[in-house]
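Right, I'll just put the structure down here and ask away after.
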Amino acid sequence: MEELTISEQEIVNAICLEFSQKHRTNPENVEVELMYDDAEGFSAEVVINGRTHRLTSFDMIQAIRFWIGEVLNEDPLAAGIQLVLNEQEGILANIR
């Protein structure tokens, strides 16, 4: 897989896609807020069907792996994924 950087919106889309699959609903029914904290690192808050879920960076990377397989049709396990914070663009994922 060639190197790729995915945007904050694409990370949100990946989480929406994975959660909609797990909870058997439409991706539009999933709300996601990405967060970064110096002490805890990357995380996300997901609201689906009125319930709130807290995702760790590991969970976020798993959702990106799901997205790689479903959207890019690439081997998700072969991808090295690193979450990064960019002051202008927000949270990004570098994929190698």
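Please turn the phi angles of segment 72-79 into ³J(HN,Hα) values with the Karplus equation 6.51 cos²θ - 1.76 cosθ + 1.60 (θ = phi - 60°), one per residue in order, whole Hz, x for glycine and proline.
Couplings: 8, 6, 10, 6, x, 7, 7, 8 Hz.
Sticking with this one: From the backbone phi of segment 85-96, what are the Karplus-calculated ³J(HN,Hα) couplings (6.51 cos²θ - 1.76 cosθ + 1.60, θ = phi - 60°) in whole Hz, Gly and Pro given as x?
So the J values, rounded to whole Hz, are 9, 10, 4, 8, 9, x, 8, 10, 10, 8, 10, 10.
What is segment 34-90 by shape, rounded, prolate or oblate, if you read a ≥ b ≥ c off the alpha carbon gyration tensor as root eigenvalues and call it rounded for a/c under 1.5, prolate for a/b larger than b/c, and oblate otherwise?
Oblate shape, in that a/c is at least 1.5 and b/c is the bigger or equal ratio.
Moving on to the next point. Under a point spin-label approximation (7 Å from Cα along Cα-to-Cβ), what is the E8-N29 distance to one decimal in nm?
2.8 nm
In debye, nearest 20, what is the charge dipole magnitude of the chain about its Cα centre with +1 on Lys and Arg Cβ and -1 on Asp and Glu Cβ, if you could check?
Here the size comes out at about 480 debye.
How do the peptides 3-11, 46-54 rank, highest first, by the average count of neighbouring beta carbon atoms within 10 Å per residue?
Descending packing order for the listed peptides: 3-11, 46-54.
Okay, moving on. Per residue, how much space in cubic angstrom lies within the convex hull of the C-alpha atoms of the chain?
Expressed per residue, the convex hull around the Cα atoms of the chain is 92 Å³.
Can you tell me which of 12-22, 32-42 comes out highest on packing, and rank the rest after it, using the mean Cβ neighbours within 10 Å?
Result, highest mean first: 12-22, 32-42.
Throughout, read-outs are computed from the coordinates displayed, never taken from laboratory work. Being a predicted model, the structure only gives us computed values, none of them experimental. All Cβ positions, glycine included, derive from the backbone under ideal geometry; neighbour counts span all protein chains shown.
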